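Since the structure comes first, as structure tokens, the remarks are kept for the end.
The values are calculated or read from the model by the stated rules, or taken from the named source; none is laboratory data. This structure is a prediction, so every number in the text was calculated from the model and none was measured. Note that each Cβ is placed from the backbone with ideal geometry, even for glycine, and that neighbours are counted across all protein chains shown. All accessible areas refer to the heavy atoms of the entire protein, side chains included, with ligands and DNA or RNA removed. Shrake-Rupley method; radii C 1.70, N 1.55, O 1.52, S 1.80 Å.
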Amino acid sequence: MSEISVIYDGKCELCNNSINWLKKKIEITALDFHSADLSFFGLSLEQCSREVFVVSGDKTFSGAGAVAYLLKVRGNRVLSSLITLSGPIGRSGYRWVAGNRNSAPVKLLSYLLRVSLRFS
């Protein structure tokens with residue numbers, strides 16, 4: 001399998017907990033967009049401030065597509081398929097989470113990821 005680079009917001013608690021959760025099962029290179037050389041990936045600061053990007057080989061995924069790809073590689077195929085098959089609903093859900101990082105549901109999700117790391 002080719003190397004997987006994840007360009008994410010290193011200042012986001014949910015993002016950091018998600019990266020740590022992913023690293024328990026798959027090998028990724030996690031790059032905080034605040035300090036990464038985005039031009040290497042052909043990405044802009046504006047793009048990366050809106051959504052996560054995954055680069056694997058010659059493919060680039062963003063937002064909900066990036067999350068679905070990472071879940072699939074991690075072995076969470078059912079959840080990955082649900083996100084993919086939901087189409088605009090999955091993309092809207094991703095945008096809502098990304099835009100409401102300080103909301104109670106997002107903080108709960110972040111907490112659950114962090115707690116799950118203790119038991120894995």
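What the table shows:
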quantity	calculated
Leading residue by the ranking (least open to solvent (accessible area, probe 1.4 Å)) among those in region 69-94 that are in contact with a helix residue (DSSP H, G or I) (Cβ under 7 Å, 6 or more places away or on another chain) and touching a residue at least 40 places away in the same chain (Cβ under 8 Å)	70
Test for residue 18: is it closer than 21 Å to residue 3 by Cα, exposed (fewer than 12 other Cβ atoms within 10 Å of the Cβ) and not β-branched (Val, Ile, Thr)	no
Helices (runs of 4 or more DSSP H) contained entirely in region 1-113, each with at least 3 residues that are of a type in the set (S, T, N, Q)	13-23, 77-85
Boolean, residue 59 is over 13 Å from the mean Cα position of the chain (by Cα) and either closer than 28 Å to residue 119 by Cβ or crowded, with 17+ Cβ neighbours inside 10 Å (or both)	no
Cβ pairs under 8 Å, 6+ apart, first in region 50-67 and without any contact (Cβ under 8 Å) to a residue 24 or more places away in the chain and closer than 16 Å to residue 99 by Cα, second open to solvent by 20 Å² or more (accessible area, probe 1.4 Å) and outside any strand (DSSP E or B)	62/47; 62/51; 62/52
Neighbours by Cβ (under 7 Å, 6+ apart or cross-chain): first from region 95-116, closer than 20 Å to residue 47 by Cα and acidic (Asp, Glu); second open to solvent by 60 Å² or more (accessible area, probe 1.4 Å) and at pLDDT 95 or above	none
So residue 13, is it under 22 Å from residue 115 (Cα atoms), in contact (Cβ under 8 Å) with a residue 60 or more places away in the chain and among the charged types (D, E, K, R)	yes
Residues being over 21 Å from residue 97 (Cβ atoms) and in contact (Cβ under 8 Å) with a residue 12 or more places away in the chain - total across region 30-41	4
Selection within region 1-40 - more than 13 Å from residue 71 (Cα to Cα), hydroxyl-bearing (Ser, Thr, Tyr) and in contact with a helix residue (DSSP H, G or I) (Cβ under 9 Å, 6 or more places away or on another chain)	5, 8
